[in-house]
1. Taking each pair of different alpha-carbon atoms in the range 386-432 once, compute 1/r for the pair, average those values, and report the inverse of that mean as the Kirkwood hydrodynamic radius in Å to one decimal.
2. Taking a label point 7 Å from the Cα of ASP28 along the Cα→Cβ vector, which residues of the range 210-227 have an amide N closer than 17 Å to it?
3. Can you give me the distance in nm between label points at ILE131 and ALA88, each placed 7 Å from the Cα along the Cα-to-Cβ direction?
4. Past 22 Å, Cα to Cα: identify those pairs from LYS79/LYS157; LYS91/LYS157; LYS36/LYS190; LYS79/LYS174; LYS79/LYS190, in the order given.
5. Could you name the lysines whose alpha carbon sits less than 27 Å from that of LYS245, not counting residues in the same chain fewer than 8 places away?
6. Could you name the aspartates and glutamates whose alpha carbon sits less than 20 Å from that of LYS248, not counting residues in the same chain fewer than 8 places away?
7. So how do THR342, THR329, THR168 line up by other beta-carbon neighbours within 10 Å, fewest first?
8. Taking R0 as 41 Å, what's the FRET efficiency between THR163 and ALA309 from their Cβ-Cβ distance, rounded to 0.05?
Amino acid sequence: MKKKLLVTLSFILLVQAAPVTVKAEDFDQKIESQTKKIEEIVKNENDAKAYLAELEEQISTIETEYQSVLTEKQTQERKMNQLNLDIANLKTKIEKRNDQLNAQARVTQTNQEQESMLSVLLSAESLSDAISKALAVNTIMTANNDILTAQKEDQEKLESLKTNLAKTIRSLEKKTAELEEKETALAEAKLEQNVKINEIAATLATEKAEKEKYVQQKEAAIKKKEAQLKAIAEEKAKEAQAQAKAEKQAAEQAKKTAQAPESNTSTSSSNSTDNTSSTTTNTPEEPAAAPTPVPTPAASSGGWSTPVASLIVTSGFGGRADPTGISGTFHDGIDFGGASGTPIMAARSGEVVSANYGGMAGNHVVIKHDNGYYSYYLHMSSLSVSAGQSVSAGQTLGGMGTTGNSTGVHLHFSISTGLWSGFVDPAPFLGL
């Protein structure tokens, strides 16, 4: 009876172990399937990396072209400024000649005797006097003709300079448009690159995590199967021991029966199993410290006005991604949009400490105010003031433009506590 019970128990354990074997084989199939998926993704990843390398090369080319265009743009702006200066000087020279011609005309009108060569000869007292007066009249006429000739040449030169200036401006506008297009292409290329990288990384991470899950489940199933097989082996060993013991006892009993009165021998055995358990204490993570707020500068006590008549804010003060990629990630002013040539006005009275051209700022003006602040006006198309000049609030400083490190017509307006340092948010000062 005991032997039959042990056999039945062994059969039950084998039946229970069978699904474990099937389940482990199922995990093998899933793991193999995931491995093939990962291999396919890796193959696609190699193709994607080749594409990304090509994209990186294109981005590098675009950035190189961008720097070249920006450098050429700044060179053209310097030439444009020089042309404006040449035109101004030429106009001054022409005005001076006009004044000289007018003065000589008045002298000629006053001295009627010099109006013609005939009147000079008739009024001469002697031949030598006539020759002297004729030479004087001829000298005046020759000088006037020389002035008129120079005047005509300078006028033609002025028209030529104006034509060249117009060509330069058209070239500058074309280069600016190309710069904007290349900047847009660069931004789109970088965005597409990041999306591609994220897609590949996400897909690989998902498939690898799925495979790792199946591997862990397979390991757990194998451990459970091994435990069950061990239990079956232990039961078989116990069965063999019990059978041997029973046979031995039967033999001893038969011997005793034959030799002595029947006696019953009882045996008892006890098994104890100690189970141990472990606990794991999880320590909660400490919450992250809250970020320290950045203080906002206090608004001025007054006296500030807007630098443009119509306020169209295109970019605020603070952190941002520089559209040109060469000015950092912090915007130290406010950008106001508008049409080219829109009047730029002083936001507060003060002294002009800088009014010139800079590679990054383009045509710009910096004003020092009586309250210790400085105000900045960048990327202007033209300048109407000069360094050392005192200006009043609302006085025109120049026109809105896109000179320097700029991709479109706008005014970059800043306020600081030191010259080119200590920039603060202009919005509270302007009541924005």
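1. Numbers: mean 1/r = 0.0758 Å⁻¹.
Roughly 13.2 Å, rounded to one decimal.
2. Output list for this probe position: 214-226.
3. 5.2 nm
4. LYS36/LYS190; LYS79/LYS190
5. Straight-line reach from LYS245, under 27 Å: LYS2, LYS3, LYS4, LYS230, LYS236, LYS255, LYS256.
6. Output for LYS248: GLU235, GLU239, GLU262.
7. Going from sparsest to densest Cβ surroundings: THR329, THR168, THR342.
8. On the way: r = 33 Å, r/R0 = 0.79.
For R0 = 41 Å, the calculated efficiency reads 0.80.
Every number in this text was worked out from the coordinates using simple rules, so none of it is lab data. As the structure is a computational prediction, the values presented were derived from the model and not from experiment. Here the Cβ is made from the backbone with ideal geometry for all residues, glycine too, and neighbour counts use every protein chain on show.
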